[in-house]
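What follows is a short report on a single structure.
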Amino acid sequence: MENHFLIPFGSAWWWAGWLILAVYFAVVFFIGRSLNEKARLSFEKTWGLLIAGALLYTQAYQLLNGSWSVSESLPSHLCGFSGLLSIALLYFRKKWAFVPLFFWGIIGGFHSLMTPESTLGGGSFFLMEYYFSHASIMVVPVYHVFVNGIRIPRNGWLTAFLLNNALLPIVFTLNHFTGGNYMYLTERPLVDNPFVVGEWPWYIVGFELAGILHYGILQLLFWKKLETK
């Protein structure tokens, strides 16, 4: 994990992440609530293209400067999968993407801002990309709840948890062939996070327990937005 860069708690870049999130929320909520349904659909497709463009540009940027690596650069962390789900929901209108994005994106994005670890390095471009991508996976599902009125299934937390675990063998295999540490299944993350406990493989068990806890709490926080049936 030689390219990983930790952003110290309370540092200027740490606060910048929360400021970016706040501005991001304010701007897209203002735009979304100001538009009629047809115009809002066009805005959301453009938003999805922006997220996709940022993802592709980041890949191209790494290729051009020689920093691209199959073990580090694929969008194969849970937050990377959430970014792809954001594109599926915004641009392609795939409603199936909402539930995993809601739980993975909000929880993953929150912890990524609380204890930031940039897996691509500490350059200004990569830090801005880190905050934009992680803010996106938090803002997109919340936007769909409060602007588009999407309801959260009552078993949504369980669906997200099971899908989360369905990814594990796939990502384990990917790590085996690439030498990567996607979803931190090979080595524990470097961040000082209270939910990262022990060494391999015990911290993964902690991830599982923390996932159930976080998904359950998130569902309770949004209990007024649950499906009525």
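Inside segment 2-37, residues that are out of contact with any strand residue (DSSP E or B) (no Cβ under 9 Å at 6 or more places or on another chain) and part of a loop (DSSP other than H, G, I, E, B) make up a count of 7. Scanning segment 175-207 for residues that are under 17 Å from the mean Cα position of the chain (by Cα) and assigned to a helix (DSSP H, G or I) yields Y182, M183, Y184, F207.
For segment 53-96, a residue qualifies if it is closer than 29 Å to I204 by Cβ, part of a helix (DSSP H, G or I), more than 13 Å from the chain's Cα centre (by Cα) and modelled with pLDDT of 95 or more, and the qualifying residues are T58, Q59, A88, L89, W96. Every listed requirement among (1) in contact (Cβ under 8 Å) with a residue 12 or more places away in the chain; (2) surrounded by fewer than 17 Cβ atoms within 10 Å (Cβ to Cβ) is met by L50 save one, (1). Taking the criterion of being touching a helix residue (DSSP H, G or I) at 6+ places or on another chain (Cβ under 7 Å) and small (G, A, S), the residues of segment 153-202 that qualify are G156, A160, G180, G198.
Per-residue answers, yes or no, for (1) at positive phi; (2) buried (at least 21 other Cβ atoms within 10 Å of the Cβ):
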residue	(1), (2)
R93	yes, no
W96	no, no
W104	no, yes
P116	no, yes
F125	no, no
H134	no, yes
V139	no, yes
G156	no, yes
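Just one of (1) at pLDDT below 95; (2) surrounded by 18 or more Cβ atoms within 10 Å (Cβ to Cβ) fails for M183. It is (1). Among residues of segment 121-145 that are in contact (Cβ under 8 Å) with a residue 12 or more places away in the chain, those with a Cβ under 6 angstrom from a residue that is basic (K, R), sequence gap 6+ or separate chain, pair up as V145/K225.
In the set (1) under 30 Å from N36 (Cβ atoms); (2) under 18 Å from the mean Cα position of the chain (by Cα), the condition left unmet by L167 is number (1).
Inside segment 2-34, can you point out the residues that are exposed (fewer than 15 other Cβ atoms within 10 Å of the Cβ) and not small (G, A, S)? Passing the criteria: E2, P8, F9, W15, W18, L19, V23, V27, F30, R33.
The values are calculated or read from the model by the stated rules, or taken from the named source; none is laboratory data. Predicted model only: the values in this text are computed from it and were never measured. All Cβ positions, even for glycine, are placed from backbone atoms using ideal geometry, and neighbour counts span all protein chains on display.
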